[in-house]
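**Q** Can you keep this structure in mind? I'll have questions shortly.
The values are calculated or read from the model by the stated rules, or taken from the named source; none is laboratory data. From a predicted model like this one, the values you see are computed outputs, not experimental measurements. Positions of Cβ are generated from backbone atoms using ideal geometry, with glycine treated the same way; all protein chains shown enter the neighbour counts.
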Amino acid sequence: MAPLHDASDEQSRFGYGKPVSQLASLRGANPIRSDTDEQASGAVLFYGNCASCHQASGQGSKDTYYPSLFHNSVTGAANHSNLIATILNGVNRTTPKGQAFMPGFGGKANDINALNDTQVATLANYVIDNYGRTGTPVTPADVAQVRAGGPASSLLLLARIGIAMAVIVGLAIVLLLVVWRQRRVRPA
């Protein structure tokens with residue numbers, strides 16, 4: 001069967017229509033724009049980036065694909081590094097129920113939105129204050145440290161000292177062997 005074609009068509013059927021969003025009229029004249037507001041509040045960042053999956057009140061989805069933010073081991077921890085890392089890097093893991101995915105907001109190529117250290121700290125504090133264990137607030141410096149891979153380990157310094165000592169001992173052994181060989185080779 002041949003495709004139907006109306007001779008009165010002035011352009012291709014694929015040429016009609018345009019992108020439309022009524023979101024601004026639904027939200028009002030000043031919609032939430034967490035992606036362009038450097039000074040966005042924690043609530044603005046949460047509703048602009050997290051609430052569509054974790055829900056407006058943080059309860060997550062009924063099937064728990066998107067977990068609740070309260071009664072949660074990450075938001076209930078005294079150390080907030082895992083929460084910061086989750087916001088920055090997202091989640092991509094296989095569970096018995098299937099793949100669990102949350103986009104990151106740290107500014108990597110596939111991240112949904114790039115938040116700076118201050119915005120991540122503001123968002124983390126909002127989540128902690130509303131859904132988790134309050135106490136120590138997250139600072140932009142905390143975020144920068146997690147973004148950089150975590151605190152510097154004294155083990156790395158010890159490893160470097162150990163390597164330097166091994167090189168020095170190795171050179172000393174080589175030097176001793178050279179001296180010993182030269183003495184052995186010389187006639188008395």
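**Q** Return yes or no: is A100 more than 22 Å from A40 (Cα to Cα) and either exposed (fewer than 14 other Cβ atoms within 10 Å of the Cβ) or of a type in the set (D, E) (or both)? Write out each step before concluding.
**A** Working: more than 22 Å from A40 (Cα to Cα): yes; either exposed (fewer than 14 other Cβ atoms within 10 Å of the Cβ) or of a type in the set (D, E) (or both): no.
The answer is no for A100.
**Q** Being of a type in the set (D, E, K, R) and within 30 Å of N116 (Cβ to Cβ) is the filter; apply it to the stretch 135-188 and report the residue that is surrounded by the most Cβ atoms within 10 Å (Cβ to Cβ). Walk me through how you get there before you give the answer.
**A** If we filter the stretch 135-188 for residues that are of a type in the set (D, E, K, R), which is where we start, we get 142, 147, 160, 181, 183-184, 186.
Now restrict to residues that are within 30 Å of N116 (Cβ to Cβ): 142, 147.
Working: D142: 20, R147: 18.
Per the stated criteria, the residue is D142.
**Q** Enumerate the pairs (first residue in the stretch 113-132 and among the polar types (S, T, N, Q); second residue anywhere and assigned to a helix (DSSP H, G or I)) with beta-carbon separation below 7 Å, excluding pairs fewer than 6 apart on the same chain, so at least 6 apart or on different chains.
**A** Listed by first residue and then by second, the contacts come to N113/N49; T118/P140; Q119/L45; T122/G42; T122/L45; N125/G42.
**Q** Same structure again: Does the stretch 54-97 hold any residues that are in a helix (DSSP H, G or I), free of Cβ contacts under 8 Å to residues at least 40 places away in the same chain and either polar (S, T, N, Q) or outside the structural domain of N110 (by TED's automatic domain parsing) (or both), and which are they?
**A** Residues satisfying the conditions are N82, T86, N89.
**Q** Another question, if that's okay. Being within 14 Å of A144 (Cα to Cα) and not aliphatic (A, V, I, L, M) is the requirement here; does N79 meet it?
**A** The answer is no for N79.
**Q** If I ask for residues that are of a type in the set (V, I, T), closer than 17 Å to N49 by Cβ and in a helix (DSSP H, G or I), which ones from the stretch 100-157 would you list?
**A** Once the filter is applied, which keeps residues that are of a type in the set (V, I, T), closer than 17 Å to N49 by Cβ and in a helix (DSSP H, G or I), the stretch 100-157 yields T118, V120, T122, V127, I128, V143.
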